Amino acid sequence: MTTNTTGALIAPSRTAPAALILTADASLLDELLALAAAADVAPTTAHEPLAALASWTRAPVVLLGADLAEEVARIAPEKRPHVYVVAHQRAPDDLFRTALRIGAEQVVELGGSSGWLVELLADLTEQRAARGRVIGVIGGSGGAGATTFACALGQGAAKHGDAAVIDCDPQGPGLDRMLGLERTEGFRWDALCQTTGRLSARALRDALPHAGSLGVLSWYVGSGAQTLQAFAVREAISAARRGHETVVVDLPRTPDKLVDEVAARCDRLLIVTVGSVLGVSAAVRMRARFAGHPDVGLVLRGEGIDAADVESAVRLRVVAQMRDQPRLAEALDLGLGPLRSRRGPLARAVATVLGLPVEELL
Ligand SMILES: Nc1ncnc2c1ncn2[C@@H]1O[C@H](COP(=O)(O)OP(=O)(O)OP(=O)(O)O)[C@@H](O)[C@H]1O
Ligand SMILES: [Mg+2]
């Protein structure tokens with residue numbers, strides 16, 4: 001991963017639409033390209049106002065260098081929103097008048113505004129960028145199999161595109177360990193907590209330890225007691241969503257405002273529930289905790305119980321039901337992750353949740 005002078009993580013995106021950077025000033029261009037990369041935006045660049053006219057109206061945002069502002073004002077291109085005139089440092093007074101003639105929203109002095117510009121670029125382009133789905137997995141009761149199912153979902157989703165699993169449980173076994181990646185180098189929470197500013201989607205994707213197309217954000221074992229940091233979790237989920245088709249989040253059951261917030265950010269929430277009286281009554285409590293969430297479903301573990309009975313007791317849909325996966329411990333010991341064979345009950349449940357034919361999982 002590269003770091004620029006502003007400390008931002010640099011990476012161009014594969015998916016974000018272009019912003020237009022129009023300047024003939026090489027050092028301004030360098031600075032703006034770094035900011036665009038930090039925002040995960042792949043810009044179109046031009047140093048000739050006339051040549052840039054085609055992109056002028058189409059780009060979601062235009063960053064116009066102060067050096068070309070007067071020339072652009074003379075050409076008088078069509079007025080459009082989201083044009084920002086950017087100067088290195090203190091903008092001269094007449095630049096504001098020129099910006100007004102162009103219909104620019106603002107004159108931006110780069111010195112103190114780089115973080116703000118990164119946010120702006122990311123926000124103005126993000127709505128059109130690909131947005132991965134985020135699936136949260138939580139156990140209805142302790143040891144229900146949530147962490148195992150989260151890893152299996154990630155493994156299955158990675159067969160169809162970039163996927164990531166995010167470990168939000170500092171007391172858990174470690175998702176990297178469960179996927180055989182505990183010795184693989186890469187970004188873990190401790191490194192993420194040290195970064196500031198907006199995290200680039202591609203930078204995160206490239207930096208995570210990987211098993212094929214599956215990236216894993218987990219805890220660094222050996223750095224003492226660790227807790228989730230609000231800003232790091234928000235940045236991680238936002239960047240992971242922008243950089244992956246599917247993101248699976250393993251959520252701890254402990255009551256915690258931050259966990260509730262992360263759950264609320266998930267498009268879908270799955271409560272892994274053991275098919276027993278105690279398991280079902282724990283799931284009822286969990287349903288109450290996430291009553292405001294628009295898409296909550298159950299993954300039922302156990303075969304001796306009728307899914308319809310569980311549905312009416314918990315008042316949530318059973319999205320998938322599975323019996324225990326044979327030889328799960330062996331697969332985990334070998335560092336292969338829980339989803340080892342497409343014939344097992346775990347693979348069928350994963351395929352159902354992801355809406356994929358089971359043959360496509362492995
Ligand atoms: N689908 C499954 N088939 C068989 N065994 C399973 C399955 N899922 C989980 N287990 C076993 O159950 C135990 C608990 O699994 P796991 O850690 O995934 O549960 P959890 O809900 O995340 O637990 P915790 O409450 O500690 O977070 C482990 O020993 C695991 O191997
Ligand atoms: Mg767990």
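Structural remarks
- Taking every DSSP helix (H) stretch of at least 4 residues in the chain, weighting each as -39,500 (n - 2.57) and dividing the sum by the residue count yields a mean residue ellipticity at 222 nm of -11500 deg cm²/dmol.
- Summed residue charge, Cβ within 15 Å of Glu360's Cβ, Lys/Arg positive, Asp/Glu negative: +2
- Accessible area per residue in Å² at 1.4 Å probe, computed on region 133-360: 43
- Folded to 0 to 90 degrees: helix 66-75 orientation relative to the chain principal axis, Cα: 70
- Relative to the Cα centre, the charge distribution of region 66-121, modelled as +1 at Lys and Arg Cβ and -1 at Asp and Glu Cβ, gives a dipole magnitude of about 160 debye.
- Length released on extending from Gln89 to Arg265, taking residue separation times 0.36 nm less the Cα-Cα span: 59.6 nm
- The calculated FRET efficiency for Thr254 paired with Leu336, based on their beta-carbon distance and R0 = 25 Å, is about 0.30.
- When the solvent-accessible area of region 133-360 is split by element, carbon and sulfur atoms take up 49 percent of it, the probe being 1.4 Å.
- Secondary structure note: in the chain, about 10% of the DSSP beta bridges are antiparallel.
- In the context of the full protein assembly, Arg317 retains an accessible surface of approximately 130 Å², using a probe radius of 1.4 Å and ignoring ligands and nucleic acids.
- Estimated at 0.36 nm per residue, the fully extended path between Ala307 and Arg133 surpasses their Cα-Cα distance by 60.0 nm.
- Counting only alpha carbon atoms, the long axis of helix 110-126 and the longest principal axis of the chain meet at about 60°.
- The charge dipole of the chain, taken about its Cα centre with unit charges on the Cβ of Lys, Arg, Asp and Glu (plus for the first two, minus for the last two), comes to roughly 1080 debye.
- Angle in degrees between helix 93-102 and the longest Cα principal axis of the chain, rounded to the nearest 10: 70
- Separation of alpha-carbon centers, region 257-280 and region 39-55, rounded to whole Å: 45
- Net charge dipole size for region 260-322 [Lys, Arg +1 and Asp, Glu -1 on Cβ; Debye, nearest 20]: 140
The values are calculated or read from the model by the stated rules, or taken from the named source; none is laboratory data. It should be emphasised that the depicted structure is a prediction, and the values quoted were computed from it without experimental measurement. Neighbour counts are summed over all protein chains in view; Cβ atoms, including those assigned to glycine, are modelled from backbone coordinates with ideal geometry. The protein model used for the area step is the full one, side chains on, heavy atoms only, and it has no ligands, DNA or RNA in it. Shrake-Rupley method; radii C 1.70, N 1.55, O 1.52, S 1.80 Å.
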